[in-house]
Amino acid sequence: MSRGCLGALLLLTSLCTSAATEPTLPDADSGHFRWDAGLGLASLSFPAYRGSKVREVLALPVPIVSFSSKHLSLSRDGAKLDVYDTRRVRFNLSAAGSLPVDSDDVPLREGMPDLNPSIELGPVLIIALPCWSGWTCVQETLARGVIASDFEQIETIGWTLQPRLNLRRSAPATQRHRHDWELTAGPVYATRRYHDYFYTVEAPYATAERPAYAARSGFSGWRFSATHVYQFGDFGIYSYVSYDNLRDSAFADSPLLETKDYILGGIMMRWTLWGSHLKR
């Protein structure tokens with residue numbers, strides 16, 4: 001399963017935060033602890049990795065857990081620890097991860113080592129921008145170090161950098177029947193070691209159809225995503241689509257790249273059964 005799949009799953013299972021009408025950060029003043037737990041049914045369609053034509057469709061029940069406090073949260077962007085937080089600027093630490101890819105399931109990677117699950121961790125700088133009434137606009141810059149492991153050994157596989165614009169429009173949090181939207185767009189950059197992990201073909205694994213290739217650092221494509229959430233009381237429907245344009249990327253000529261259009265999407269129904277905001 002690709003890292004994009006896990007990112008989508010985290011997004012779909014998160015709570016939608018409220019957006020302010022002024023150019024301030026969501027939840028900048030909130031010091032209250034809030035938690036939710038429930039059940040969801042999710043369906044996802046995703047490629048094996050960025051640039052692969054091998055797709056999977058996954059449907060599964062998922063437990064839903066999310067929480068937020070003044071400094072720590074588990075939500076749409078993974079786990080976050082706020083280090084510096086004002087009305088205009090937020091600096092925190094964030095974590096994400098990926099699941100493994102079996103090379104035997106991907107013809108272009110047949111005979112090559114499997115891709116191990118990975119963990120990403122690093123700082124995020126969030127700056128509030130002026131925005132239209134009813135919207136929240138922020139500039140986010142994510143820098144994450146990445147490690148991969150087969151649970152016996154740990155390997156450092158580089159860094160990623162993603163500056164992006166995030167637009168959110170949310171109904172008031174007190175409104176029982178609500179629609180929320182979120183749009184993000186921005187470039188992705190990565191180190192040579194990161195691209196090497198996914199796109200390099202070393203000489204022992206080269207074939208006539210898969211020549212040896214050495215990936216390099218630099219531009220890793222454009223990423224665009226859109227999310228819509230319909231919430232009615234304790235029931236919600238979450239839909240998500242993400243598109244990566246890999247043209248002109250540093251690995252565009254890798255023999256492991258089948259397509260330069262990377263699309264994943266998902267939908268989830270969620271029932272919140274327990275939570276600090278529920279009155280039972």
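For segment 138-238, applying the loop criterion from DSSP together with a ceiling of 10 other beta carbons within 10 Å to the GluC sites (Glu not before Pro) yields Glu152, Glu209.
Extension gain, Ala95-Leu161: 0.36 nm per intervening residue step, less the Cα-Cα distance, totals 22.4 nm. Placing R0 at 35 angstrom, the Cβ-Cβ distance between Lys53 and Arg176 gives a FRET efficiency of 0.20 after rounding to 0.05.
Readers should treat all values here as calculations from the given coordinates under stated rules, not as data from a laboratory. The model shown is predicted, which means the values in this text are computed figures rather than measured ones. Using ideal geometry, Cβ is built from the backbone for each residue, glycine included, and neighbour counts are taken over all protein chains shown.
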